[in-house]
Amino acid sequence: MGVNELGQPIGDIVQGWTAPAVPSATVLKGHYCRLERLDPEKHAEQLFAADSLDTDGGSWTYLPYGPFRDLASYQDWVTVKSRSTDPMFYAVVTTDAAGDAAVDAAVGVLSYLRITPAAGSIEVGHVHYSPLLQRQRAATEAQFLLMHHVFEDLGYRRYEWKCDALNAPSRAAAQRLGFCYEGRFRQATVVKGRNRDTAWYAITDIDWPHVQHALTTWLHSDNFDEFARQREPLRARPERT
């Protein structure tokens, strides 16, 4: 913190700051999965089939859309979202190394949104994982790939996660992945006719080295036995809050 000529406290100068580019990668490759820009012709049918395994539709409760009654309606939704640049949607496609039944198939989606290069800020959201992706190594790696791209390749300063404050699984996922809780925005919006308080989380470029090391270590193949069970849990949350 500094002080200006009027004696007022002001923020520190961000040395060498240049606004980063808007994400443009069409593919982000990992070991257990790759992220491909969402494509209705390539991904919609696979995603709909994978999502249909969620028979009670509980994975859609906190999202502003879904569940979808049939492939045609889902295809229409994917077509619209695939044309959007903010949010910018990716399909999560598992690879042979994922070690589960869904090989080279689209099994989930997630996106960048609220992309604000001038502030060096970007958010991850619209995360929807089918039962084929939930609790798999690829689920964590998909999040890591987006993080790594914005911090390492593009140079963003801040990476945000927001969710319904009542969505306990999403809040737990944010903390597991290293996001720091920043507060609760009361009556932030209305979703499916219901009030939504929004919980805010973020990782900054100061937090990133610790988070990157923790995620890289956890994702390494040595951390899993022959049954793909983790040897050590993920501890990505930085000490600072």
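Here, each number is a calculation from the coordinates, and none is a lab measurement. Just so we're clear, the structure is a prediction, and the values are computed from it rather than from any experiment. So basically every Cβ, Gly included, is an ideal-geometry build from the backbone, and we count neighbours across all protein chains shown.
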Practice prompt. Measure out, as a whole number of angstrom, how far apart the alpha-carbon centroids of the stretch 133-198 and the stretch 101-126 sit.
Written response: 10
Worksheet, complete the sentence: Scoring the chain by relative contact order with C-alpha pairs under 8 Å, at least six apart, yields a percentage of 16
Worksheet entry | In the chain, lysine pairs with alpha-carbon atoms under 24 angstrom apart (chain gap of 8 or more, or interchain) | 6
Worksheet entry | Dipole-positive endmost among 18, 131, 57 within the chain (Cβ charges, Cα centre) | 57
Practice prompt. Return the single residue from 190, 103, 27 with maximal mean-square fluctuation; model: Gaussian network over the chain, springs between Cα atoms under 10 Å.
Written response: 190
Discussion item. Taking θ = phi - 60°, what integer Hz values does the Karplus form 6.51 cos²θ - 1.76 cosθ + 1.60 yield along the stretch 25-41, in sequence order, with x for Gly and Pro?
Written reply: 4, 8, 9, 10, 9, x, 8, 9, 7, 9, 9, 10, 3, 4, 9, x, 6
